Amino acid sequence: MAGTGAHVREVHVAVGVIVREGRVLIARRPDHVHQGGLLEFPGGKVEPEESVQDALVREIAEETGLQIAADCLQPVIGIRHDYGDKRVFLDVWRTDQARGKAHGREGQTIDWMCPEQLRDEDFPAANRPIIRALRLPFLLAITGDIQAGDAGVRQLSNALSKLPAVLPASDRASLVLLRAPGMAAEEYCSLAESASDLCETVGVGLLVHGSVSVFDENPDAAGLHLPWREAEKLDARPVPSGVWLGVSCHDAHEIDHAVVIGADYVTLGPVKQTTTHPDTPAMGWMEFRELVSRATIPVFALGGLEPADLDQVKQSGGQGVAGIGYWWPASCA
């Protein structure tokens, strides 16, 4: 890979997200190395002719004493990052089937931490999308046709009562995206306020949908999801770092722009043909996998998908499934 006036090699690094009882294995980098003193996920360089899975099996054993099988690893995300003096490709894989007791075999401090304890400033910049992936759920629930006022709150309450039945056993706290593009702004704002209170009582975060002004009117929401028509107007992150920012994307250009404006995740689709948009061509799994492979933030697959598609999404490097049909009843009055 050519740099300005020099040939800069990209270092392929295998990164392991080792999960045990909801906590993640974290190490502290020695002070004398690149990015020394910061926290990191265990792993190391992939050697020539070595697969990333084999590299992780070797590195995790060398660094922590834990034993993992190559076939129990699932892709999480791939991140290319230029530190200026060094370019890296972080190839991140996850397992919850590590065996043994972890200890720092190279003198490093290690610990098991909850995802909510992980702070951006404690990690190298390239690691931050990994933190997003760990905190985000595997299923992003999007509301279907919803009414304004109390009727809409009842619809949401009914749907939320059924949501746990479709969540994977290993999923984290859920996020619900309140999507009502045809609703008047004032009615949406009122519904969002009531919906946020309802979601909070059941331990679910509510994302509002629309322009930046929608979040300004609902600052207690868990975050803002921007349709592409709103995202393309922006050149910087429009919401605080402590809340979620998502963008609806359909191609590589839109994903790249979402990264530029500081999005935490994107939805990408349609992967399959949908009944709601029958004239929109589906991209299929091959194109989805290709687009995800060059994305540097978590990607939810969207369009005609069910929780049963989650394994396919993960094997394609995606974060999870976003959708309406799998949780929002056709009639939830």
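The table that follows gives values for the structure above.
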quantity	calculated
Backbone HN-Hα couplings from phi across region 222-239 [Karplus 6.51/-1.76/1.60, Hz, Gly and Pro as x]	6, x, 10, 10, 9, x, 4, 4, 8, 5, 5, 7, 9, 10, 7, 5, x, 10
Fraction of beta bridges assigned by DSSP in the chain that are antiparallel (%, nearest 5)	35 percent
Low-density loop positions, trypsin sites (Lys or Arg not before Pro), region 238-328 - DSSP coil, at most 15 other Cβ in 10 Å	Arg294
Amide H within-cut-off set for Gln147, under 5 Å, with H built and near neighbours excluded	Gly152
Integer Hz, Karplus 6.51/-1.76/1.60 couplings in order for region 95-111, x for Gly and Pro	8, 10, 10, 5, 10, x, 9, 7, 8, x, 6, 10, x, 7, 7, 10, 7
Protection proxy ranking of 40-52, 139-151 - average other beta-carbon atoms within 10 Å, highest first	139-151, 40-52
Karplus-derived 3J(HN,Hα), 6.51/-1.76/1.60, for each residue of region 45-61, Hz, glycine and proline x	5, 7, 6, x, 6, 10, 6, 5, 5, 5, 5, 5, 4, 5, 5, 5, 5
GluC sites (Glu not before Pro) restricted to region 158-246 and DSSP loop, no more than 10 other C-beta within 10 Å	none
22 Å Cα-Cα reach of Lys314 towards lysines, excluding residues that sit fewer than 8 places from it in its own chain	Lys272
Solvent-accessible surface ranking, highest first, for Asp197, Asp71 at 1.4 angstrom	Asp71, Asp197
Accessible area (Å², per residue) of the chain, counting only protein heavy atoms and a probe of 1.4 Å	47 Å²
Residue-averaged [θ]222 nm for the chain, counting only DSSP H segments that reach four residues, each worth -39500 (n - 2.57)	-7500 deg cm²/dmol
Identified option (computed Kirkwood radius over Cα pairs in Å; candidates [x] 21.0; [y] 24.2; [z] 23.2)	[x]
The chain - percent relative contact order, Cα under 8 Å, separation 6 or more	16 percent
Cα centroid of region 119-142 to Cα centroid of region 233-257, whole Å	15 Å
Accessible carbon and sulfur surface of the chain relative to its total accessible area, %, 1.4 Å	49 percent
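The values are calculated or read from the model by the stated rules, or taken from the named source; none is laboratory data. Computed from a prediction, not measured in an experiment: that's the story for all the values here. Cβ sites come from the backbone with ideal geometry, for glycine too, and all protein chains shown count toward neighbours. Calculation scope for accessible area: heavy atoms of the full protein, side chains included, ligands and nucleic acids excluded. Shrake-Rupley method; radii C 1.70, N 1.55, O 1.52, S 1.80 Å.
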